[in-house]
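See structure below.
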Amino acid sequence: MKITTPLFEAGLKCITKCFLRSLGETGTGNAYADWVRTQAESYRKAGMKDLLAGAADDECVIGSPGAENWKTAKWRLAVDLVARAENLESSLHAVERSPSEGRGQPGQFTPIRFIFTNKLNRDDKLLLAFDALVLSEMLGRKVGLGKIIHGDNHATPKVKISALAGEVRKLTRKIATMLSTPSPPDLVLNRHCAECEFQAQCRQKAIEKDDLSLLSRMTEKERRKFNSKGIFTVTQLSHTFRPRRRPKRLAAKREQYHHSLKALAIREQKIHIVGSPELKVEGTPVFLDVEGLPDRDFYYLIGIRITTVQGAVQHSLWADSADEEKRIWADFLNILSEIENPVLVHYGSFETTFLKRMSDRHAAPLEGSAVARTIKSSINLLSIIFFTGLLSGVFQWAEGNCKVSGIHMVRSYSFWRANHRLAP
């Protein structure tokens, strides 16, 4: 079976996803995955149209040129083509041909890939390197550079293929070995699951197996270590927890995170709090939740909930564009300035980063003012409280004390959401 671009792309994220795609299986669907696929296809088509518009008709080829047309090529640009070499097949978005620089010198071929995001990650570059590898093997000549056209501004960085070739070959060998084996690879849940169309069925299988990868904070290295000790399930791990009295010299240090305690909480369906977290709020608690687009480095929503004598007051500050980000930041500072002794409370480091970036990017509150002190002394609940479990939970705040009800597995940065209800 050939290793195609969709299989290679799936292998970058998860070898199980690659295996399921090789069988032709379709997942139960994922709204985010569908949206990404639509955006990617739309951006690719628009990009190819722009490339063709900027080139002469007699210099363009749409579709795959004939094998003889590669070596004696007269065209300068080919779009929407397929390259094949042995057990590899790549769907190239475009290939740019540069004429030879001298007699006896072959022309240079540069693969081009379209990525709709404003920020590139390593997987994007590895996909381009896969294109270059297949093209290189098909032509029998080195392809040293590739281009990625990406983002709203159509930035076009060049990528050195040689730096990525080893990683691409390693993954293709891994995929080839997997395809030649009739049995499926070991199922391991990972971060990609949240945006995968096979999420529901893989998670169901993991639950049936009681697999350790259900514990999202556990790394692959830790999982292998437990496996080497004969521990393969969450239930088995739960029986290994032993509470120990801490030495006085370590009393001031934060208790470490225990996977075994989390497993115990799941098995017993109880909340277990590690250590004795202390939380003092001297002033008016202001619950903060921020939403943004990391790809564009843009914050579009600031959510605030304030507890007053009359009851809870909520503010939702929206920015429809990056130009409005400064406005909602100013509105946020104005709201804080009207509160007596405000204390910002949030869940996770996302808001901590937001406060720092906005102070640097836009007008920071006056140094020494009550608002400036509030921002510098914000409270991140996640850094104070550790708790475990599987079911959804609710944080409730009353009279300056943090009360936990229900069971929740820490998986997102959001704290304020629909009356403090955390998304499961």
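Please go through the range 15-42 and pick out each residue that is over 20 Å from Leu88 (Cβ atoms) and not in a helix (DSSP H, G or I).
Residues satisfying the conditions are Glu25, Thr26, Gly27, Thr28, Gly29, Asn30.
Do you know which of the residues in the range 266-301 that are closer than 17 Å to Ile379 by Cβ and in contact with a helix residue (DSSP H, G or I) (Cβ under 6 Å, 6 or more places away or on another chain) is surrounded by the most Cβ atoms within 10 Å (Cβ to Cβ)?
Per the stated criteria, the residue is Val290.
Which numbered condition in (1) closer than 30 Å to Ile3 by Cβ; (2) among the aliphatic types (A, V, I, L, M); (3) exposed (fewer than 14 other Cβ atoms within 10 Å of the Cβ) is the only one that Leu171 fails?
Going through the list (1) closer than 30 Å to Ile3 by Cβ; (2) among the aliphatic types (A, V, I, L, M); (3) exposed (fewer than 14 other Cβ atoms within 10 Å of the Cβ), Leu171 breaks only (3).
Can you pull out every residue in the range 283-324 that is in contact with a strand residue (DSSP E or B) (Cβ under 9 Å, 6 or more places away or on another chain) and among the polar types (S, T, N, Q)?
Within the range 283-324, Thr284, Thr307, Thr308, Gln314, Ser316, Ser321 meet the criteria.
Going through the range 183-216 one residue at a time, which ones are within 18 Å of Lys262 (Cβ to Cβ), of a type outside the set (A, V, I, L, M, F, W, C) and outside any helix (DSSP H, G or I)?
Asn190, Asp210, Asp211, Ser216
Just so you know, all these numbers are worked out from the coordinates, no wet-lab data involved. Just so it is clear, the structure is predicted and the values come from calculations on it, not from any experiment. Reconstructed Cβ throughout: ideal geometry from the backbone, glycine too, with neighbour counts over all protein chains shown.
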